[in-house]
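The values are calculated or read from the model by the stated rules, or taken from the named source; none is laboratory data. This is a predicted model, so every value here is computed, not measured. Cβ placement follows ideal geometry from the backbone for every residue including glycine, while neighbour counts extend to all protein chains displayed.
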Amino acid sequence: MIGNDVQVAGEYLTSGEVVGIPTETVYGLAGNALNEAAIVKIFSVKNRPYFDPLIVHVASTQEIEKYCHPLPEQAYWLAHSFLPGPLTLLLPKKKLIPDLVTAGLPNVAIRVPAHPMLKVLLEELDFPLAAPSANPFGYISPTTAQHVEAQLGNKIPYILDGGPCAIGLESTIIGWEAEQPVVYRKGGLPVEKIEAVIGKVEVRQHSSSQPAAPGQLKSHYAPAAPLKLGNLQEMITCYKGKRIGLLSLCGVYPDIPQILQVKLSMTCDLNEAARNFFSAMRYLDGLDLEVILAEWMPEEGLGRAINDRLRRAAAL
Ligand code: TXA
Ligand code: MG
């Protein structure tokens, strides 16, 4: 059931249930991070392999220290600059966090979400929330309560509706190796903004052989129809005669029916494009197409994170 009652969501969570929650990035499938039975439910509802660890959500930056050992100095600067917001820190966990949450890894991924309704919920609870994105494993992430309902509605008792996600892409994940910062997943906080605070960071490419590296399975966000990336005009010619759908930043292609093309932004704005991206993928996925043709975004700001999702939707 979809509703907007924070109290109801809180009661389900306190009783060990899992519920859909809004965040500023994407919707999450949340459970009590300190309750192993609730964590098991998250994995089973999402059909997620146990080797893929979960992000823990807390109400404030101060709370991070309850669950993690002393932070590297750079983590403080980042927290000060960007939290609450779309940034997840990978930090050494304290014993309080069950090994199930981190898939046995020594670090926990932790974040302070900026969504006002979720903030109220987290402040009411006396435990943090573990929450992966609320989609079946490997499928497109949800950015509205209706997206969650469509796929997981019959498996969970409640979805807290906080409206469409303001950012629309998952959080950026950063950690430290030998005190050097590493971005493991490009996301809602552009790498340029991080570098403006702590200097150059390494951005790790995805790895399918090493799923312990965060969020970086090669095939992910996958629609049912194959997705091809390149120059749209050239691909339209190449796939002539097939049932094709188009995903562009802001172009219009007169030869293709309007309902088969999605333009991510009226004004070629990458923030707007990010906000619309996962909805657009779902829309195209619902059209029974033979192939989805998409173009690369400019490699700047949120364009880099959208390109990462496109690359993995195409399993490149
Ligand atoms: O914006 C977000 O981060 C959303 C919202 C709901 O907060 N959550 C999200 O969770 O995207 P999920 O589970 O779909 O993606 C989190 C990624 C996973 O792919 C996982 O591999 C990685 O973070 N991760 C989580 N904990 C980790 C850990 N302890 N060590 C390494 N990677 C971790
Ligand atoms: Mg996910």
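Within segment 54-69, the residues that satisfy the criterion of being within 16 Å of ligand 1 (Cβ to nearest atom), under 21 Å from ALA30 (Cβ atoms) and not polar (S, T, N, Q) are LEU54, ILE55, VAL56, HIS57, VAL58, ALA59, GLU63, ILE64, TYR67, CYS68.
If a residue has to be over 22 Å from VAL201 (Cα atoms) and either touching a strand residue (DSSP E or B) at 6+ places or on another chain (Cβ under 6 Å) or within 9 Å of ligand 1 (Cβ to nearest atom) (or both) to count, how many in segment 70-103 make the cut?
Counting residues in segment 70-103 that are over 22 Å from VAL201 (Cα atoms) and either touching a strand residue (DSSP E or B) at 6+ places or on another chain (Cβ under 6 Å) or within 9 Å of ligand 1 (Cβ to nearest atom) (or both) gives 5.
A single member of LEU264, LEU249, LEU293, LEU260 is under 26 Å from the mean Cα position of the chain (by Cα), surrounded by fewer than 18 Cβ atoms within 10 Å (Cβ to Cβ) and at pLDDT 95 or above, and it is LEU260.
Taking the listed residues LEU78, LEU83, LEU90, the one that is under 30 Å from ALA178 (Cβ atoms) and within 16 Å of ligand 2 (Cβ to nearest atom) is LEU90, with no other qualifying.
Here GLU170 passes the criteria (1) in contact (Cβ under 8 Å) with a residue 24 or more places away in the chain; (2) over 30 Å from ALA38 (Cβ atoms); (3) charged (D, E, K, R) except the one numbered (2). The condition (being modelled with pLDDT under 95 and hydroxyl-bearing (Ser, Thr, Tyr)) is satisfied by just one residue among TYR27, TYR50, TYR67: TYR50.
Taking ALA30, is it within 16 Å of ligand 1 (Cβ to nearest atom) and farther than 29 Å from GLY138 by Cβ? Show your work before the answer.
Numbers: within 16 Å of ligand 1 (Cβ to nearest atom): yes; farther than 29 Å from GLY138 by Cβ: no.
No, not satisfied.
Quick check, is GLY241 free of Cβ contacts under 8 Å to residues at least 12 places away in the same chain and closer than 19 Å to GLY138 by Cβ? Break it down into steps so the answer makes sense when it comes.
Values: free of Cβ contacts under 8 Å to residues at least 12 places away in the same chain: yes; closer than 19 Å to GLY138 by Cβ: no.
Taking the combined requirement at face value, the residue does not satisfy it.
Output the residues belonging to segment 68-113 that are assigned to a loop (DSSP other than H, G, I, E, B) and β-branched (Val, Ile, Thr). Within segment 68-113, ILE97, VAL112 meet the criteria.
Among the helices (runs of 4 or more DSSP H) contained in segment 137-243, which hold 2 or more residues that are under 18 Å from the mean Cα position of the chain (by Cα), at pLDDT 90 or above and within 29 Å of LEU287 (Cα to Cα)?
Details: elements: 145-152, 191-198, 232-238.
Fully inside segment 137-243 and qualifying: 145-152.
Filtering PRO116, PRO142, PRO128, PRO132 for residues that are away from ligand 2 (no atom under 16 Å from the Cβ) and surrounded by 15 or more Cβ atoms within 10 Å (Cβ to Cβ) leaves a single hit, PRO128.
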